[in-house]
Structures are given as C-alpha cells and as structure tokens.
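These notes are about the structure you will find just below.
FYI, it's all coordinate maths here, none of it is from the lab. The model shown is predicted, which means the values in this text are computed figures rather than measured ones. As a convention, Cβ positions derive from the backbone with ideal geometry for all residues, glycine included, and neighbour counts pool all protein chains shown.
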Amino acid sequence: MLLIDKYAYTNSLTEINPKIKGSIGLIFLIISMAFKNIFCLISIITFMSSLIVFLAKIDLKSYLKLVKIPMYFLIMGVLINLINISFDSKGLIYSFNIMSLNIGISNKSIITSIHILFRAIACLTCIYFFILTTPFNQIIFLLKKLHISDTVIELSMLVYRFIFIFLEEVSDIRKSQQLRFGYINLKTSYNSVGILGNMLFKRMMKRYDEMCISLDIKLYDSKFHIVGDENV
C-alpha cells in the first residue's frame with residue numbers, strides 16, 4: 001500500500017464527510033493562488049500542516065517526507081526563475097558576463113521567487129490535506145456528487161487500481177533480480193533494468209487480460225456501477 005493511501009484510510013478524519021474536507025482544501029487553495037501576501041501564505045502553510053499533523057494525527061516525519069518529494073522540483077523551478085539574462089547589467093545585484101550577455105540575479109527576481117516558492121508550498125499543503133485525509137472510495141463518491149463524467153471516474157478507478165498492480169509487479173521482479181545479483185555492478189544493472197522493463201510489460205498485459213476475463217464472467221456491460229453513499 002502506498003504511504004499516502006495508507007494514511008487516507010487510517011487518519012483521524014477518515015469518517016468526516018469528504019464534502020467538508022474537499023471544501024476546506026479548495027477554499028484555502030483558491031486563497032493561496034489569489035493572494036500574494038507572503039505572511040498569508042505562511043499562515044496557510046502552518047494552518048493546513050497543523051490540521052494534517054494534529055487533527056488528522058498523521059506522523060510528522062512521514063508528512064515532512066511526503067512534502068520533501070516535490071520540494072526538489074519546486075526549488076529547481078525557483079532557481080530557474082531567480083536567474084536573469086539580459087544585455088544590460090543594470091538592476092542586477094550579482095552578475096557575470098558571457099560574451100555580450102549578463103547573467104545574474106536581481107531584487108525583483110528574488111522577491112518573485114520567494115513568493116512563487118511559498119505559494120507553491122501553500123497549494124501543496126492544501127492538496128495534501130485532502131488526499132491524506134480522504135480515502136479513494138470517498139473521492140469517487142464525491143466526484144459522482146459533482147456530476148463528473150462517468151468515463152473520467154471509471155478511468156480514475158482503473159488508473160488507481162493499476163498503480164498498485166504496477167508497483168507489485170516491479171517489486172516482485174526486482175527482488176528476484178536482486179537475489180540473482182542482478183544489480184551487483186553498473187553493467188549488470190543496465191541489463192537487469194532492460195529485462196525488468198520487458199517482463200513488466202508482459203506481466204501487465206497478462207494482468208490486463210485476466211481482468212478482462214474476470215469482467216466478462218461478471219457480465220460487464222462497459223460501465224462500472226458505483227453505488228452512492230449516504231454519508232457523502
């Protein structure tokens with residue numbers, strides 16, 4: 001089970017109406033995108049993180065670990081935004097020259113990058129609040145209440161299901177390769193990764209065929225019938 005999925009089903013807010021959790025996450029997400037005040041963004045980050053850790057009772061170390069994953073991409077994006085390239089060095093705090101171009105940073109780029117970083121983190125905490133406290137079955141029922149297309153919902157269900165099948169197959173194949181010293185050196189690792197990809201494709205297609213056979217046995221009519229939940 002994925003860590004996010006595990007907490008979604010075991011946190012203290014699991015039984016709370018998903019409409020309430022979705023509304024809270026959406027409201028603060030909109031505020032995070034609408035306001036530029038950095039103190040407002042810090043307040044949202046603190047508030048949403050407090051709800052996740054203290055109210056939903058999700059382990060702080062695990063939460064920080066989850067936040068750390070997208071932080072690498074955020075920092076890379078912020079660093080790219082921080083750099084200015086121009087023909088004029090005026091306004092640049094620090095710069096160096098390459099041929100006729102001046103590459104450096106300015107006060108404006110620093111302020112903009114800080115706002116982008118904190119806004120992204122604020123939006124991230126809002127999304128994490130929803131996905132860490134709402135099981136997938138509640139999300140499906142919520143999508144039904146919002147009258148989202150059945151096709152979109154069914155695709156979401158299939159993608160969600162195949163994520164776990166994919167991870168299970170990767171884990172099994174990799175463990176088998178490791179027992180045979182498939183990753184003992186760089187050359188062997190490259191070869192093992194190629195074999196893993198080939199076997200993974202074949203196994204996934206086999207699991208897909210098995211699922212189709214199972215659905216045919218159950219008289220599948222090209223539509224998943226999702227029963228509503230009175231708590232949603």
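For the chain, complete DSSP H runs whose alpha carbons reach 20 Å or more along their own long axis and whose mean Kyte-Doolittle score is -1.0 or higher are 18-34, 60-82, 107-133, 150-179, 186-217.
Adding -39500 (n - 2.57) for every DSSP H run of four residues or longer, then dividing by how many residues the chain holds, sets the calculated 222 nm ellipticity at -23500 deg cm²/dmol. Specify the longest stretch of the chain that does not include any exposed loop site, a site being one of the chymotrypsin sites (Phe, Trp or Tyr not before Pro) with a non-H, G, I, E, B DSSP assignment and at most 13 other Cβ atoms within 10 Å. Counting only loop sites that pass the neighbour cut-off, the longest clear stretch is 88-180. Across the chain, C-alpha contacts under 8 Å between residues 6 or more apart give a mean separation that, scaled by the residue count, equals a relative contact order of 26 percent.
Between I114 and L64, the contour length at 0.36 nm per residue exceeds the alpha carbon distance by 16.0 nm. Cα centroid distance between the stretch 142-173 and the stretch 1-60, in Å? When both Cα centres are located, 22 Å separates them. Between L200, F129, T112, the Cα set farthest toward the positive side of the dipole of the chain (charges on each charged residue's Cβ, about the Cα centre) is that of T112.
Each of I163 and F73 was given a label point 7 Å from its Cα along the Cα-to-Cβ line. The distance between the two points is 1.3 nm.
With the alpha-carbon atoms of the stretch 73-152 aligned to their principal axes, the span from lowest to highest coordinate is 59, 24, 16 Å, starting with the largest. Matching the structure-derived Kirkwood radius over Cα pairs in Å against the labelled list (1) 19.3; (2) 17.4; (3) 21.8 gives the label (3).
Between S100 and T188, the contour length at 0.36 nm per residue exceeds the Cα-Cα span by 27.0 nm.
A straight chain from I42 to T14 at 0.36 nm per residue would run longer than the Cα-Cα distance by 7.5 nm.
Normalising the average separation of contacting C-alpha pairs (under 8 angstrom, six or more residues apart) by the number of residues puts the relative contact order of the stretch 104-232 at 30 percent.
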